[in-house]
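Have a look at the structure below, then the notes.
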Amino acid sequence: MTAIIDYDAGNIRSVEKALRFLGEDTSVTGNPEEILKADRVILPGVGAFGDAMEKLRRSGLDKTIYEVVRRKTPFLGICLGLQLLFESSEECEGVSGLGLLPGKIVRIPAAPGLKIPHIGWNALSFPSPGRLFRGIPDGAYVYFVHSYYLQAQEKACVKATTEYGVTIHAAVEKDNIFACQFHPEKSSETGLQILRNFLSQ
């Protein structure tokens, strides 16, 4: 069973729908006991970094996430869920993230011809092999919606990048932690394959 953490940060039903399409037994829950019983856990999210961290801390779900990671349960962050795994974000100065991985979230710089937020399909490149991307060719397109992007400190954990004025760290993996800046649940067959690969962990 896969638990999708419900902390009132949106984007949950589309993830649930994609997992159910793949035949996965899925629970959308904010109950720590149910989350800790799950075989896999997903942290989705859209919205502001600071608001999301406040909701996680107020509900105690930050502690639940730390315990999930400690237990080596496969864990996937999506979009804002990726950003929250890192130390800080320029979107909300002074607000600490979960700090599970070293790095920071910064604003996509303005450039001629680039719209911010970045909304749409972009091609992925794979600087090193990632378990989420088995069977997915270099240059595959996925769907992004974001104004801020990851600068990971540990380059070895970066498994996918994309170009949008700058090189964006689009996905990371380390031990049992996986995360995507893009939305696999909205990325057609490529996204479904990424989710299948996560479900096989």
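Residues that are under 17 Å from Ser187 (Cβ atoms) and not basic (Lys, Arg) were ranked within region 13-23; the one that is surrounded by the most Cβ atoms within 10 Å (Cβ to Cβ) is Val15.
Screening Asn122 on (1) without any contact (Cβ under 8 Å) to a residue 24 or more places away in the chain; (2) surrounded by 14 or more Cβ atoms within 10 Å (Cβ to Cβ); (3) out of contact with any Lys or Arg (no Cβ under 9 Å at 6 or more places or on another chain) shows it passes everything except condition (1). For Glu87, the stated conditions hold: it is more than 21 Å from Asn197 (Cβ to Cβ) and either of a type outside the set (Lys, Arg) or open to solvent by less than 10 Å² (accessible area, probe 1.4 Å) (or both).
Taking every residue in region 63-84 that is at pLDDT 95 or above and pairing it with any residue that is of a type in the set (S, T, N, Q) and surrounded by 24 or more Cβ atoms within 10 Å (Cβ to Cβ), at least 6 positions away or on another chain, the pairs with Cβ-Cβ distances below 8 Å are Gly77/Gln83; Cys79/Gln181; Leu82/Gln181; Gln83/Ser89; Gln83/Gln181.
Across region 125-152, the qualifying residues are those that are polar (S, T, N, Q) and within 19 Å of Ile108 (Cβ to Cβ), and the one among them that is least open to solvent (accessible area, probe 1.4 Å) is Ser147.
The values are calculated or read from the model by the stated rules, or taken from the named source; none is laboratory data. What you are looking at is a predicted structure, and each value in this text was computed from that prediction instead of being measured. Heads up, the Cβs are rebuilt from the backbone with ideal geometry, glycines too, and the neighbour counts pull from every protein chain shown. Please note that ligands, DNA and RNA were not included when accessible areas were found on the heavy atoms of the full protein model with its side chains. Shrake-Rupley method; radii C 1.70, N 1.55, O 1.52, S 1.80 Å.
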